[in-house]
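K.L.:
Pasting in a structure now, in structure tokens, and then I'll have a few things to ask.
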Amino acid sequence: MSATTQELLDGLDDAQRTAASTVRGPVRIIAGAGAGKTRTITRRIAYACATKAWDPRRTLAVTFSVKAAAEMRSRLSKLDVAADVKASTFHAAALHQLRQVWPDVCGGPMPFISRNPLELVERSLKRVTTYQVDDNTVRDLQAEINWCKISLIAPEDYERVCAATHRQSPAGLEPDQFVDVYKAYEAEKTNRNEIDFDDILLIACHLIDSDAEVAENIRSGIKWITVDEYQDVSPLQHRLLTRWLGINRNICVVGDPAQTIYSFAGASSYSLLNFASEFGPLAADVRLNTDYRSTPQIVNYANRMLAASPQRTDYLKLSSGREEGRRVSETVYNSDIEEAQGVAARIRRLVDNGVSAGDCAILTRVNAQQRIFCRALTEQHLRYRIKRDSGWQNSAIADDNQNRLAMLEALGVGADLSGVTISTIHASKGLEFKHVFLIGCSEGLMPYGSPPAGELLEEERRLMYVAVTRAEDTLDVSYARTREGDAGERGRRESRFFR
């Protein structure tokens, strides 16, 4: 073994080294927050290619956003394997495959990807109902159509699913009315020779299932698969993955059940937790539970949050790989305005003491909380940038310009990092900051809507865990007693997650 090859394993801890050096057969890596997940899997890919165990031209690494794929390509580039290894989203990989096989299996041109599916939903709603059309209604209907597709629920099955699960149709529609809108939407797309985001995966699955030659063609280019963020896999993505594999079992999945925060979009940790049952016997089943990102105080805070969960046996208990830090600060303000001003003043003091504003983040549960903090930062003469929740379509497939910008950011250039980041928790996943201010930690916001015990509450708990584990050095948790500071207002209560 060459020194260069051996160096690919240098600097890894024992668990990371086991994961990186086990390059044959099915492998599961449960990786906690800050545990060096991306470092481990990129070293594993590089090591397998360097030792000739894998052919880089037949190696695929799949993740869930353009930015994450760019980050993986950047790291692989530094390990001299990026040129041949494909790192992309599920949708980008499937679209590339469709464009390759389409001329051979279909007579006409490949459909265009719809640029404005919301318009198609609006036209469909007007065509089959007399309902008042507004932006929220259209967005809710599109979200339900997307949910049906990624959950593999056909229009003709929707009413039965709603009856069995007590699911409410969106926008006040009865299930049969929603089905009419759904079918009209599909007809609109067909008439325009268009497909939507999730059709890419559905069509890829159909072609692999229905045409043995197409299946062999696609599978011949995918011999070794790595799937990042496997806890976020939807039923549709899981179906495509199994079609890519066929009888092949050279698959590595990486994820963390405690970071499953996209259940509303069909994600489930079921496939991660049951990976051994589906693909076993496993060549390696590795737990990465040392958090190299956060101080012991922050890690203990996160562990305490998960320890109260009825699903705690599914979650890793983290240990910190860092030295002791500052205790987690908990502050109660009188009003939302005071909270915003207080947080901005703390950040101002940090910056005055030499901290970069780009190392500070304010995390919110919803977009609507952000405006007041923008004003407060402006009053302190602090620059900021905003990261809001955005649709999966914008984060999983992109044009060349989006890919270029994502790659530049992954390389640490081309992005304005000099200002305070104001971000929803969902949009902060995958990021880290030296100083995090987690605001609005009261019942009704965290957890949102104060759900009863059950899966909705657990999703909110996991979301808070993700927020806490974004912090490296300091974490400040706060909430305001009232909206306006009026003593006559009904006071808010501290979130149950922080008691």
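K.L.:
Compactness ratio of the stretch 115-195: Cα Rg over 2.2 N^0.38 Å, N = residue count?
P.N.:
1.01
K.L.:
By the gyration tensor of its Cα atoms, with a ≥ b ≥ c the square roots of the eigenvalues, what is the shape of the stretch 202-290: rounded for a/c under 1.5, prolate for a/b over b/c, or oblate? Mind dumping the intermediate values first?
P.N.:
Working: a/c = 2.58, a/b = 1.48, b/c = 1.75.
Oblate is the answer for the stretch 202-290, as a/c is 1.5 or above yet b/c matches or exceeds a/b.
K.L.:
What whole number of Å gives the distance from the Cα centroid of the stretch 348-382 to the Cα centroid of the stretch 48-95?
P.N.:
Between the Cα centres of the stretch 48-95 and the stretch 348-382 lies a distance of 35 Å.
K.L.:
A follow-up question, please. If you line up the Cα atoms of the stretch 24-112 on their principal axes, what length do they span on each, largest first, in Å?
P.N.:
48, 30, 26
K.L.:
Taking the Cα centre of the stretch 231-370 as the origin, how large is its charge dipole in debye, to the nearest 20, when only Lys and Arg (+1) and Asp and Glu (-1) carry charge on their Cβ atoms?
P.N.:
240 debye
K.L.:
Report ³J(HN,Hα) in whole Hz for each residue of the stretch 272-285, in order, from the Karplus equation J = 6.51 cos²θ - 1.76 cosθ + 1.60 where θ = phi - 60°; Gly and Pro get x.
P.N.:
Ordered by residue, 3J(HN,Hα) equals 5, 5, 9, 4, 5, 5, 7, 10, x, x, 7, 6, 7, 10 Hz.
K.L.:
What residues qualify as long-range amide H neighbours of Y333, i.e. H under 5 Å apart, gap of 5 or more or another chain, H built at 1.01 Å from N?
P.N.:
Here Y479, A480, R481 satisfy the definition.
K.L.:
Continuing with this model, one more query. Would you work out the charge dipole size for the chain about its Cα centre, treating the Cβ of every Lys and Arg as +1 and the Cβ of every Asp and Glu as -1, and quote it to the nearest 20 debye? Show your work: numbers first, answer last.
P.N.:
On the way: 63 positive and 66 negative charges, 249 e Å.
Roughly 1200 debye for the chain.
K.L.:
Now a separate question. Using amide H atoms built 1.01 Å from N in the peptide plane, name the residues 5+ places from S320, or on other chains, whose amide H lies under 5 Å from its own.
P.N.:
The list, which skips near neighbours in sequence, is D291.
K.L.:
Moving on to the next point. So what J values fall out for the stretch 289-301 if you push phi through Karplus, 6.51 cos²θ - 1.76 cosθ + 1.60 with θ = phi - 60°, rounded to Hz, Gly and Pro as x?
P.N.:
Along the stretch 289-301, the couplings run 10, 9, 8, 8, 8, 9, 5, x, 5, 6, 4, 5, 4 Hz.
K.L.:
Of the options L98, S88, V23, report the single residue whose Cα projects farthest towards the positive end of the charge dipole of the chain (beta-carbon charges: Lys, Arg +1; Asp, Glu -1).
P.N.:
After comparing all options, I get V23.
K.L.:
Please compute the modelled spin-label separation between Y448 and T165, points set 7 Å along Cα→Cβ, answer in nm with one decimal.
P.N.:
Going from the T165 label point to the Y448 one covers 1.8 nm.
K.L.:
Is the shape of the chain rounded, prolate or oblate, going by the alpha carbon gyration tensor and its root eigenvalues a ≥ b ≥ c, with a/c under 1.5 for rounded and a/b larger than b/c for prolate?
P.N.:
Oblate.
K.L.:
Also, quick follow-up: In the neighborhood of E229, defined by Cβ-to-Cβ distances under 10 Å, what is the net charge if each Lys or Arg adds +1 and each Asp or Glu adds -1?
P.N.:
-1
K.L.:
Under a 5 Å amide H to amide H cut-off, with H placed in plane at 1.01 Å, what residues pair with I113 once short-range neighbours are removed?
P.N.:
I195
K.L.:
On to the next question. How big is the equivalent ellipsoid of the stretch 268-379 along its three axes, where each semi-axis is √(5λ) from the Cα gyration tensor, reported in whole Å from largest to smallest?
P.N.:
37, 18, 14
K.L.:
Now a separate question. Sorted by accessible area (1.4 Å probe), largest first, how do D80, D176, D199 line up?
P.N.:
Of D80, D176, D199, the descending order of accessible area is D80, D176, D199.
K.L.:
What distance in nm separates the two pseudo spin-label positions at E278 and D84, each 7 Å out from Cα along the beta-carbon direction?
P.N.:
Each label point lies 7 Å from its Cα, and together they span 2.9 nm.
The values are calculated or read from the model by the stated rules, or taken from the named source; none is laboratory data. This one's a predicted model, so the numbers in the text were calculated from it and none came from an experiment. All Cβ positions, even for glycine, are placed from backbone atoms using ideal geometry, and neighbour counts span all protein chains on display. Please note that ligands, DNA and RNA were not included when accessible areas were found on the heavy atoms of the full protein model with its side chains. Shrake-Rupley method; radii C 1.70, N 1.55, O 1.52, S 1.80 Å.
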